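The values are calculated or read from the model by the stated rules, or taken from the named source; none is laboratory data. If you're wondering where the values come from, they're calculated on a predicted model, not measured in any experiment. We place every Cβ from the backbone using ideal geometry, glycine too, and count neighbours over all the protein chains shown.
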Amino acid sequence: MKAFAMKKIGETAWIEKERPLCGPMDAILKPIALAPCTSDIHTVFEGAIGERTDMILGHEGVGEIVEVGELVKDFKVGDKCIVPAITPDWNSLEAQDGFSMHSNGMLAGWKFSNFKDGVFGEFFHVNDADGNLAHLPEGMDLTAAAMLSDMVPTGFHGAELADIQFGDNVLVVGIGPVGLMAVAGAQLRGAANIYAVGTRPNCIEIAKEFGANNIISYRDGKIDEQIMKLTNNKGVDKVIIAGGTVDTFIEAVKAVKPGGIIANVNYLGEGEYVKIPREDWGAGMGHKQIRGGLMPGGRKRMERLADLVMTGRIHPEKLVTHTFEGIEHLSDALDLMHKKPKDLIKPVVFVK
C-alpha cells in the first residue's frame, strides 16, 4: 500500500509498505478523513521521540472498517468509525489502575506514529477494536469527527487535569486547536473568567466564541504580570498549558494562586528540563500543583465527546480552516502545520 511516512528526522516521503495484518481482536480501516498534528511536526522535524525510519505518520482520523478479527463483537466491515489518537491495551495492569494511556509503559497508549505505523496510509490497523473504535454518528460533520481524535480530548483533558470548578478563574496558555478546546472545556466545567493567551485573530475570535472573556498577548509583556494586573494581584485558580516551551512553566507558576493547579497538555518537543521558579513556587511548599497528562483514549470517551457534538454543546468543526480532497494532499497539509501560516488553525484531508 501507499503511505506518507517519516523517513528519518527532518525528512518525510511517500513510501510503499505492506498492508497491516488483522489480529483476532483488531480491525483494519481505510481512511475517510485525516488530520496532521503539531505532534507530527515535533516528531519529524525536532526529533522529539528520537529517530524513526519509514514510520507512517498520523494519529487523527476517521475511517471505514475493511476487516475485523474473529473476536470483535461490536464492529463489522463497512462501519465508519472515529479513531482516537490514543489506543490503549485495555487488558493491561495500567488500564486497570486508571491510567490506560500508559498501558504497558509510559505514554505507550500512544501507538500511532510513535512506535507503530500511523493512519496516513491507504489502510491502517487498530488494536483492541471493541475498546478503541467509536461508531461515527449518522449526520456528523467529518471535520468535527476528525477533531474528536485528538484536539477535543486533549484540550478537555487539560480542563480535567486542572480540576476546574464552578466560578474558577482560569488561564489558558496557547490557543491553537488544543488550547481552543481547553477553553471550551473550561467553559463547560463552569469557569468564570477565562484568560486566553494568543495573538492570531482567527484563534482569538474562536476563543471568545468558546468562552474566553479576556485575551492576553504575550507580545504585551510577561503573562504572569498581565494576569496579576487583571486579577488585582490575586492570580488565577487554574492554568492550562496548551502551548509554549519548557520555560512557559515559569510564568504559569507565577500566575497561579497558592493551592492552584497547573495542568499541562502541551507536547514538549524540545528542552531537557522544565523550569520551576523556586521562590514563586513557595520554596516547594506553596501548594501549587503541576500536573501533566496524555489524553485518555478509548471508545467510551470518544462516544461521550461525540454526544457533545451531536447535541450542539461543542463545535470542533470551527477549528478546521483548510481542507483538501485526496490522500495525496497529506504532504501539503503537513507542510501547512510546519509553516503555520497566520490563517491556519487545523487542516483536514478528505480521502476519496
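Listed conditions (1) surrounded by 20 or more Cβ atoms within 10 Å (Cβ to Cβ); (2) at negative phi are all met by G298, apart from (2).
Confirm whether E94 is out of contact with any Lys or Arg (no Cβ under 7 Å at 6 or more places or on another chain) and part of a helix (DSSP H, G or I). First the steps, then the outcome.
Numbers: out of contact with any Lys or Arg (no Cβ under 7 Å at 6 or more places or on another chain): yes; part of a helix (DSSP H, G or I): yes.
Considered against the rule, which asks whether it is out of contact with any Lys or Arg (no Cβ under 7 Å at 6 or more places or on another chain) and part of a helix (DSSP H, G or I), E94 comes out as yes.
Within segment 251-275, take every residue that is surrounded by 20 or more Cβ atoms within 10 Å (Cβ to Cβ) and β-branched (V, I, T) and give me the one that is nearest to H42 (Cα to Cα). Among them, the one singled out is V265. Among residues of segment 17-39 being hydrophobic (A, V, I, L, M, F, W, C) and in contact with a Pro (Cβ under 8 Å, 6 or more places away or on another chain), the one that is farthest from G176 (Cα to Cα) is I28. Cβ-Cβ distances below 6 Å connect no pair with a first residue in segment 169-198 that is at pLDDT 95 or above and assigned to a loop (DSSP other than H, G, I, E, B), a second residue that is of a type in the set (F, W, Y) and surrounded by 24 or more Cβ atoms within 10 Å (Cβ to Cβ), and a separation of six or more residues or different chains. Of the conditions (1) crowded, with 22+ Cβ neighbours inside 10 Å; (2) within 21 Å of the chain's Cα centre (by Cα), V68 satisfies every one except a single condition; which number is it? Tallying (1) crowded, with 22+ Cβ neighbours inside 10 Å; (2) within 21 Å of the chain's Cα centre (by Cα), V68 fails exactly one: (2). Of the strands (runs of 3 or more DSSP E) lying entirely inside segment 233-352, those containing at least 1 residues that are touching a Lys or Arg at 6+ places or on another chain (Cβ under 7 Å), among the hydrophobic types (A, V, I, L, M, F, W, C) and modelled with pLDDT of 95 or more are 236-241, 256-264, 320-325. Look at segment 327-339: where a residue is surrounded by 18 or more Cβ atoms within 10 Å (Cβ to Cβ) and a partner is in a helix (DSSP H, G or I), sitting 6+ places away or on another chain with Cβ atoms under 9 Å, you get L334/D40; L334/I41; L334/V44; M337/T38; M337/D40; M337/I41.
Out of curiosity, is K229 assigned to a loop (DSSP other than H, G, I, E, B) and exposed (fewer than 15 other Cβ atoms within 10 Å of the Cβ)? When the stated conditions are applied, K229 does not pass them. In segment 156-163 there is no residue that is assigned by TED's automatic domain parsing to the domain that holds T38, touching a helix residue (DSSP H, G or I) at 6+ places or on another chain (Cβ under 9 Å), part of a loop (DSSP other than H, G, I, E, B) and modelled with pLDDT of 95 or more. Among the residues making up segment 245-266, those that are within 13 Å of G292 (Cβ to Cβ) and in contact with a strand residue (DSSP E or B) (Cβ under 8 Å, 6 or more places away or on another chain) are T248, F249, A252, I261, I262, A263, N264, V265, N266. Only a single item in (1) farther than 23 Å from T321 by Cα; (2) within 14 Å of the chain's Cα centre (by Cα); (3) of a type in the set (A, V, I, L, M, F, W, C) is not met by A134, and it is number (2).
Conditions (1) part of a helix (DSSP H, G or I); (2) among the aliphatic types (A, V, I, L, M), marked per residue:
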residue: T12; (1), (2): no, no
residue: I15; (1), (2): no, yes
residue: R19; (1), (2): no, no
residue: P24; (1), (2): no, no
residue: A33; (1), (2): no, yes
residue: I41; (1), (2): yes, yes
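Filter segment 57-79 for residues that are outside any loop (DSSP other than H, G, I, E, B) and either more than 25 Å from H157 (Cβ to Cβ) or in contact with a helix residue (DSSP H, G or I) (Cβ under 8 Å, 6 or more places away or on another chain) (or both) and give the result. Steps first, please.
First, pick out the residues of segment 57-79 that are outside any loop (DSSP other than H, G, I, E, B): 61-68.
The answer is G61, V62, E64, I65, V66, E67, V68.
Looking only at residues of segment 20-53 that are more than 21 Å from G269 (Cβ to Cβ) and not hydrophobic (A, V, I, L, M, F, W, C), we find that the one that is surrounded by the fewest Cβ atoms within 10 Å (Cβ to Cβ) is P24.
Which ones in segment 199-226 are of a type in the set (G, A, S) and either in a strand (DSSP E or B) or within 17 Å of G158 (Cβ to Cβ) (or both)?
Of the residues in segment 199-226, the ones of a type in the set (G, A, S) are 207, 211-212, 217, 221.
Result: A207, G211, A212.
Which one of Y195, Y218 is more than 30 Å from G312 (Cβ to Cβ) and among the aromatic types (F, W, Y)? None of the other options fit; the residue is Y218. Screening R278 with (1) of a type in the set (K, R); (2) assigned by TED's automatic domain parsing to the domain that holds I41; (3) free of Cβ contacts under 8 Å to residues at least 12 places away in the same chain gives one miss only, at (2).
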